Each structure stands twice: as structure tokens, then as C-alpha cells.
Amino acid sequence: MVKSETGLDLIAASQLTLDVQTSLFERADQFLTSPGEIAQAGEDLKALYAEMGKLAVYFWFEEPSTRTVGSFDSARELLGLGFLGERNAKATSSTAKGESLQDSMRTSKTHLNLFGGAVVVIRHPKEGSAALAAAIHDFPVINAGDGQHEHPTQALLDMYTIRQKKGRTTGLTIAMGGDPRYSRTIHSLAEVASIQGDNELICIGGEGLWLDEPTKEALTNKGITMQEYLAHGLNEESLYMIKHDAIIMHPFPRGPEIPESVDNDPRAVYWDQMKYAVPLRAALIERKLIDHHNFKLAS
Ligand code: CP
């Protein structure tokens, strides 16, 4: 079987089945409550790969990032894995000289194949870039945001934050504001919420910014209830309209829709949301390396 048919890559949120989400959340819980557990996971991975060689996380970030690259890199460091790749590929790689993404990925494949195991984490301004990288690489590829398409690990992190703060992942009303039609974080979270099932989505935006009709129809067919509201960002006045037991999340970077005055509201949980990114992404890297090891043994 070729790697792209195995589900080893994480390109779109639709791959995050209920079982996958639950196992990642439970592993992240262990990492969160026992800080030494991530280092132990790294030791266990090295023992698993002892006969195969060194382990690394390969970064290819052709678009700016603070949180995604920082949390993946923190997870990598805590797991004790090597760093390879480019955190600022647009400026410091041959991309700046016009090299294609295909050639960059073919090149990194030749380097990575000297390693026993690796996970490739890619962010790119163009939709479909993560899938393109996955078709080239032998190791699992994780989409860290491809244009306006998807950001599946952000959606995992969002659902994990909801689970931490609300104690459940179903029976929720999730209001998603900004530009739902063009937001990769919203596309992926809507999908993850639909996989959880029995959730209501409210898209907040304006004419032309709500989800497109095929996406809405697909979500409705999965049992998601949809509503649309015309509204702008939050401010001290509109905070009064939000339920007292709601939580306010944001993937960041923030725009004018969430002024700093909102930070003082006890319902604002976005700093915790960022904190949860490291254990969750460590759990994902671990899962991908274990799955790839099993794939290599079977092939
Ligand atoms: N949430 C998110 O993707 O943030 P960065 O762009 O800083 O990675």
C-alpha cells in the first residue's frame, strides 16, 4: 500500500475520526498533568526506532507563524527529537530564488530518508500544498495551514480546549466569527465539530463571508444545525450578550474583532488555548511516529 492511502498524513480535519480525536485528547491530558511524561514518550519513541535510526521533526513554514511553529517546536524539543527544515522558508530557503515547492520537498525527502523516523509539518499560503508534500514524502505530513483551505491541528486544539473548559465535546453551540468562508481555522473546526456530532454552529460574519452552500449542505447532512448572524467583533458592550458560562476562544493573531479589553473577561480562555497546543501537538507527533513505525514494519 502506498503511504498516501494509509491515513498516516493529516491533511484535512475529515481524517480526524472520533477515535483519533479521543485518543489524542486523552494522551494530551496525560502530558498536561504529568510534565515528565512527554520526555518519557520521547524515550519510548527512540527505543521503538532503535534499529531504524534518529528521529526528527521537519518544519517547512512558507508563511509566518508564532503559535503553530512555536508549539510544534516546543513539543519536538520536549520529546527530545531533532529539528530540521525552515521556520521562515520564504526568506531563507531557495524558495526566495524561485524554487518550486515540489523541488524543495524532493530535496528534503533525500535528507529525511537518512533518518529512522520523521514527521513533516508544513504551512504554506497555497491550498493543496500539504497534500502535494504528502505525495512526495515517505514520512507522515501534517498540514499546519494551507492557504484558505484547512488548519486541522488548530481545530483539534480548539476542540481540546472546549473539552478542557466545558467538560464535553457535544451538545454545544459554537459561534464562529470573522470570515467563515475564507478562514481555514473555521473550515477545520466546523468539520471536527460535525465529527463529534450533535453540535450547533453559528457563523457570524456578513454577506459573502458565511460558509459556501456546498459546505453548509455537507455539514447539515452530518447532523449539524447551522445559523448565520450578521455581526462584527466583540467589545465590552457585546460581552454582555454572551452567556455567563460561555468560553471565548481565538486562534490568534488577534485583529480588531477582539480588543485587549476582552482579555480581562474570565470567559476569555485563549491563553490557555495556546498552552494546550504543546501537549496536544506532542501527542500528535507521537501518534504519527508510532503509526509510521507500524507502517514500515508491515510494508
Ligand atoms: N493559530 C495560528 O495558526 O497562529 P499562528 O499563525 O501564529 O501559527
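The values are calculated or read from the model by the stated rules, or taken from the named source; none is laboratory data. Because the structure is predicted, anything quoted here is derived from the model rather than measured. Backbone-built Cβ (ideal geometry, glycine too); neighbour counts: all protein chains shown. Quick note on the areas: whole protein, heavy atoms, side chains included, nothing else; ligands and nucleic acids left out. Shrake-Rupley method; radii C 1.70, N 1.55, O 1.52, S 1.80 Å.
General remarks:
- One residue stands out among those in region 274-299 that are among the basic types (Lys, Arg) and open to solvent by 10 Å² or more (accessible area, probe 1.4 Å): the one that is farthest from LEU48 (Cα to Cα), which is LYS275.
- Just so you know, in region 150-200 the residues that are within 13 Å of the ligand (Cβ to nearest atom), free of Cβ contacts under 8 Å to residues at least 60 places away in the same chain and not β-branched (Val, Ile, Thr) include one that is most open to solvent (accessible area, probe 1.4 Å), and it is ARG184.
- Screening region 140-257 for strands (runs of 3 or more DSSP E) wholly inside it with 2 or more residues that are within 14 Å of ALA13 (Cα to Cα) and modelled with pLDDT of 95 or more returns the ranges 141-146.
- Identity of the residue in region 243-273, among the hydrophobic types (A, V, I, L, M, F, W, C) and open to solvent by less than 50 Å² (accessible area, probe 1.4 Å), that ends up nearest to THR66 (Cα to Cα): PHE252
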